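To keep things clear, I will list the structure first and then write my remarks on it.
Just so it is clear, none of the values below were taken in a lab; they were calculated from the coordinates. Just so we're clear, the structure is a prediction, and the values are computed from it rather than from any experiment. Virtual Cβ from ideal backbone geometry, glycine too; neighbours counted across all protein chains shown.
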Amino acid sequence: MRSGVMTPTALESLVLLLRDRGYRVVGPQVRDGTIVYDELASTAALPRGWRDVQAPGRAGLERRDDDALFGYAVGASGWKRELFPPRQRLWEAVSDGDASFHVVEAPEPDQPLAFLGVRPCELAAIGIQDRVFLHGLAEDRVYAGHRRGLLLVAVECHAPAATCFCTSIGTGPGLDVDADGVRAAGSAAHATTPAPAVPDLVLTELLDGEHRLLVRAATDEGDDLLAALEHREATTGDLAARAATLEAAQAAIDRHLEVDGLHDLLLGNLAHPRWDDVAARCLACTNCTLVCPTCFCSTTEDTTDLTGEHAYHERRWDSCFTLEFTHTGPASVRTSTRSRYRQWLTHKLATWVDQFDTTGCVGCGRCIAWCPVGIDLTEEVAAIRATDGREVTA
Amino acid sequence: MSRPKLAVWKFASCDGCQLSLLSAEDELLTLAAEVHIAHFLEATREVAPGPYDVSLVEGSITTPADVERIQRVREISTTLVTIGACATAGGIQALRNLADVEAYRALVYAHPEYVQTLARSSAIAEHVPVDLELRGCPVEVPQLIEVVSALLAGRKPLIPTHAVCVECKLRGNVCVMVADGTPCLGPVTQAGCGARCPAFARGCYGCFGPMETPNPSALTDRLHAMGVDDPTLVRLFRTFNVDAPAFRTEARRREAIDAGADGRTP
Ligand code: SF4
Ligand code: SF4
Ligand code: SF4
Ligand code: SF4
């Protein structure tokens, strides 16, 4: 596989090349004071010179003193919106008069997707959702339709936010590419670390001296793209610069989630008083689950129009924080916010492992930053660990 | 099958919800074809006698005459749907519930003895059984159309009771609380508007009233820590749904905290 160094201008050629090849290119850009992922017409829309400042319940942007294109951590909402759309009509039934009708299936996506700027933790999140949607008893048609032909251009992190903790999970901040494939770099893998979705290209933004991008191809498509782009051989200096960048990124992450024994810790503390404490602060607003790049829950809604000639079957994101989520028979099962927060945290960090063999958290920190009241799962887990009640309640 | 008969009734209100129905330009003709709009004074003086299959009730109960009339409306309606913040929670006029109505009446009217009014503005459900409540100030047209469509099809209307935040995220808005520190009532307010205010970079004003499991004290504690003072927090909850229990209680709680902090007796 090819690798090399290219200029920011060559990155523009990559976007144009992808668009030429029929891809809908989606990438990071500034909107409403934050970074979001949306259709990208050119690299001019990239968040050049911005860094994101994130804290529990806070996310904003600050000017950097350089022209970094990828000088932020992660966007407000993940790539999930593209692969698993928030709302999706699955089919429509149309009356043919009398008692007969015909069904119109939702159209297949007409354009393949290319994501530019996927972070290592986000590759892990896509890997997790692949497992959920593509490897279950039934493949999800909508997800598969968007995922098929998806081209991934990953970018290693050089500016992690204060909410990041990929180093605890083993999902970032870097990516190693070799003959065996692609793995997270800059942190140690655990038994429950999710494997990343395989990117086609891996970029590293180097800001020492000349602004340049180290590029490594990881698939044949990536290799083919790189062959079409202007680039030069990587020097030992470039590789040393990458190593230094990665080391600095790793050192900049100080949030920690201790994963050792986490599964048993949480499931052994279902009666812990901390659940009441967090429930008093939690709004049951669903934001944490909807911004989480791995949460996959949805509901289907059936409606009819005024004429009664059309019936619609629609899927939309749902969350274990709504009452309707556990509406079974006459009532909801999880009526207290305590039981709903506990469901979210134990699913993410414990029962997910039973279900899918990996943790459901990749350490992106979104649920911390985008919680309107700043509830921080790493703090909640630490509080339970500090007062582990297993001996007491056993 | 003959078309179901629909009636629209007005109590103390600004007519905005009825106007929403009239502004449903795309659906109005279809609606008129599918249901017999038998009583809708905002639209036409022509009135067909009851009983009615569906009654949409706008406005709150504020006079002794209202108390009588809503009983009559209930008697002649198979399904009664309240529309808007006035009908479901007493509306903005329920601010009077916090004040001395007698003093107002004496001050405002030249002949207060002609004005018959109750001390409180109250929701329709305090007086008669209500089959379904549509929130909002004003109601949302798609929700009105959804309710009528559901009644026509004999199915349950799809009216979610979760927080505005759900719709905000579905729509792809950037959260104004987190990104700008703008106070937003979205987390404690019922969905239905499609998160309209946050879509225009404004905080939610709570016009849909409390969501299914509201926790307003957690929200105001956070806003207070962000620098919003108590009188502002009290005012946040004293608008269109001032008398909705969760909002009323929270406004009182913050008022008491404020009074305590100022050294006055709560
Ligand atoms: S649980 Fe939070 S930190 Fe973990 S992947 Fe989801 S949003 Fe990111
Ligand atoms: S945490 Fe909740 S919303 Fe997320 S996948 Fe699990 S059950 Fe679904
Ligand atoms: S933890 Fe935060 S984001 Fe999640 S439901 Fe509770 S208040 Fe909302
Ligand atoms: S802007 Fe308001 S409604 Fe939207 S997610 Fe934030 S708190 Fe919720």
In chain B, what % of DSSP beta bridges are antiparallel (nearest 5)? 20
Nearest 500 deg cm²/dmol is fine: what mean residue ellipticity at 222 nm does the protein assembly as shown get from its DSSP H runs of n ≥ 4 alone, each adding -39,500 (n - 2.57), divided by its residue count? -9500 deg cm²/dmol
Given the options B:43, B:244, B:110, which has the most mean-square fluctuation in a GNM of chain B, springs set between C-alpha atoms less than 10 angstrom apart? B:110
Per the charge dipole of chain A (beta-carbon charges, Lys/Arg positive, Asp/Glu negative, Cα centre), the residue among A:345, A:149, A:25 reaching farthest to the positive end is A:345
So how far apart, in nm, are the two label points at residue B:110 and residue A:310 if each is 7 Å from Cα heading toward Cβ? 5.6
What do you get when you divide the Cα radius of gyration of segment B:189-255 by 2.2 N^0.38 Å, with N the number of residues? 1.06
By counting other Cβ atoms within 10 Å of each Cβ, how are A:6, A:1 ranked from fewest to most? A:1, A:6
DSSP beta bridge pairing in the protein assembly as shown, given as percent antiparallel to the nearest 5: 65
Rounded if a/c is under 1.5, else prolate if a/b beats b/c, else oblate: with a ≥ b ≥ c from the C-alpha gyration tensor eigenvalues square-rooted, which is segment B:5-153? prolate
Hey, how many Å between the Cα centroid of segment A:92-106 and the Cα centroid of segment B:126-151? 28
Lysines within cross-link reach of residue B:156: Cα-Cα under 30 Å, excluding same-chain residues under 8 positions apart? B:5, B:10, B:169
Multiply the residue separation of residue B:155 and residue B:202 by 0.36 nm, subtract the distance between their alpha-carbon atoms, and state the gained length in nm to one decimal. 13.4 nm
Residues in segment B:47-67 reached by a label modelled at residue B:252 [backbone nitrogen below 20 Å; 7 Å Cα→Cβ]: none
Hey, if you put +1 on the Cβ of every Lys and Arg and -1 on every Asp and Glu Cβ in segment B:5-153, which of B:52, B:64, B:30 ends up farthest toward the positive end of that dipole? B:64
Given that compact globular proteins tend to follow 2.2 N^0.38 Å, what is the ratio of the alpha-carbon Rg of segment A:2-74 to that value? 1.22
Assuming R0 = 41 Å, can you tell me the calculated FRET efficiency for the pair residue B:23 and residue A:12, based on Cβ-Cβ distance, to the nearest 0.05? 0.30
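Using the Cα centre of segment B:5-153 as the reference point, and only Cβ charges (+1 on K/R, -1 on D/E), how large is the resulting charge dipole? Debye, rounded to the nearest 20.
420
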For segment B:5-153, percent of DSSP beta bridges that are antiparallel (nearest 5) comes out at 10
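Nothing charged except the Cβ atoms of Lys and Arg (+1) and of Asp and Glu (-1): what's the magnitude of the dipole of the protein assembly as shown about its Cα centre? Round to the nearest 20 debye.
Values: 62 positive and 88 negative charges, 291 e Å.
The calculation lands at about 1400 debye.
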Subtract the Cα-Cα distance of residue A:94 and residue A:2 from 0.36 nm times their separation in residues, and report this length gain in nm to one decimal. 27.9 nm
Below 17 Å, Cα to Cα, which aspartates and glutamates can residue A:348 reach? Residues fewer than 8 away in the same chain don't count. A:122, A:130, A:258, A:260, A:264, A:318, A:357, A:376, A:379, A:380
Let a ≥ b ≥ c be the square roots of the eigenvalues of the Cα gyration tensor of segment A:5-151; is it rounded (a/c under 1.5), or, if not, prolate (a/b larger than b/c) or oblate? prolate
Where labels lie 7 Å past Cα in the beta-carbon direction, separation of residue B:225 and residue A:379 in nm: 0.5
Toy charge model, Lys and Arg Cβ at +1, Asp and Glu Cβ at -1: segment B:56-113 dipole around Cα centroid in debye, rounded to 20, equals 140
Calculate one ³J(HN,Hα) per residue across segment A:158-171 by plugging θ = phi - 60° into the Karplus curve 6.51 cos²θ - 1.76 cosθ + 1.60, and present them in order as whole Hz with x for glycine and proline. 10, 9, x, 8, 5, 8, 6, 8, 4, 5, 6, 8, x, 10
What is the order of B:23, A:319, fewest Cβ neighbours within 10 Å to most? B:23, A:319
Please name which of B:214, B:232, B:197 has its Cα lying farthest along the dipole of segment B:164-261 towards the positive end, using unit charges on Cβ (Lys, Arg +1; Asp, Glu -1) and the Cα centre as origin. B:197
At R0 = 45 Å, how high is the FRET efficiency between residue B:2 and residue A:297 if r is their beta carbon distance? Nearest 0.05 is fine. 0.55
